[in-house]
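To keep things clear, I will list the structure first and then write my remarks on it.
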Amino acid sequence: MKPLMFFGLASCLALLVAFAAQTPDSEYEAVAEEYIRGYFAARPLQGTSIGLHEYDGKITDYSRLALDAELSRLRRFDDRLKKFEADKLSPRQSIDLRILQSAIKKELFQMQEMSIFERNPMVYARAADVNVYIKRNFAPLDDRVRSIVAIEAQVPNILIAARTNLADVLPRPYVELAIQIARGAADFLRKDLVQAIADLKDERTRTELQDSNRKAAAALPITRLGWNARSCPKPRPSSRSGRRNFSVSLPTPNLSILHQNRFWRSGSRN
């Protein structure tokens, strides 16, 4: 009997320890990490830029289905974070909570109030930015170039999404800037990118890049979507941000630091 009693007591103690471990801090940590994993899955270029290389070669899915799914995800996490009380968390997690809530509300504001995917063509003009693969030597050049080829292959999907999502009438300043951004991006692909990969050894990869680069550079100018600055209407009152919208759209303090510190802590534990 004694071994059985000892085993039962040990099991009970293990359950009590596990229950006690579910502190407000640990519960919040689990929810926050789940949110951030989803955040970078929906924005893989940002993931690559902070060193999460499982996202290499991927870009955001701008299809209507994917955007609606991300909006639903943001709303769910906005609700889930409301159950946490800042005064019941440790000082660090309390600050972390407020930063994360602010970041989510900003994302919701941009999607719901500012309608950035329906009104701002600059989103699509800069969607295939491959600068990070050139200016950071985080992997062999051949591997980074393969990621660039994979991203350039998705440029047609970006343009399809832009045609589908953007409204027929857009704010003229947005279109003017989008045209400049897209032309600059195409110029970067034709000139700077070609020079940056001059040391590439693998001829097959070089040929693949030349082909994808040529197609992406030709497709990028946003005037191919049928817009130009002259044909756009003058900005209407509804096209202006206004004081409230401008203040909400300001950068969230320390948000990038929050993401990087959280992943640094996670990496340190692993």
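Where a number appears in this text, it was derived from the coordinates with a stated rule and is not lab data. The structure displayed is predicted, hence computed values, not measured ones. Neighbour counts run over all protein chains shown; Cβ positions are idealised from the backbone, glycine included.
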Environment charge at V145 (Cβ cut-off 13 Å; Lys +1, Arg +1, Asp -1, Glu -1): -4
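How far, in nm, would the chain grow between L71 and E85 when pulled straight, counting 0.36 nm per residue and subtracting the alpha carbon separation?
Values: separation 14, 0.36 × 14 = 5.04 nm, distance 2.41 nm.
In short, 2.6 nm is gained.
Classify the range 50-172 from the C-alpha gyration tensor, please: rounded if a/c falls under 1.5, else prolate or oblate depending on whether a/b exceeds b/c. Show your work: numbers first, answer last.
Details: a/c = 2.62, a/b = 1.29, b/c = 2.04.
Here the range 50-172 falls in the oblate category.
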Take the range 43-111, drop everything but the C-alpha atoms, weight them equally and run the Debye formula without solvent; then report log10 I(q)/I(0) at 0.15, 0.17, 0.18, 0.21 Å⁻¹ to two decimals. -0.65, -0.79, -0.86, -1.00
Rounded to the nearest 20 debye, what is the charge dipole size of the range 105-180 about its Cα centre when +1 sits on each Lys and Arg Cβ and -1 on each Asp and Glu Cβ? 180
Note on the range 65-120: contact order normalised by length, alpha-carbon pairs under 8 Å, 6 or more apart, percent, works out to 36
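Which entries of K83/K105; K58/K135; K105/K135; K135/K215; K106/K215; K106/K191 show an alpha-carbon separation above 25 angstrom in the structure shown?
Pairs exceeding 25 Å: K105/K135; K106/K215; K106/K191.
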With a Förster radius of 35 Å, plug the Cβ-Cβ distance of M114 and Q195 into 1/(1 + (r/R0)^6) and report the FRET value to the nearest 0.05. 0.40
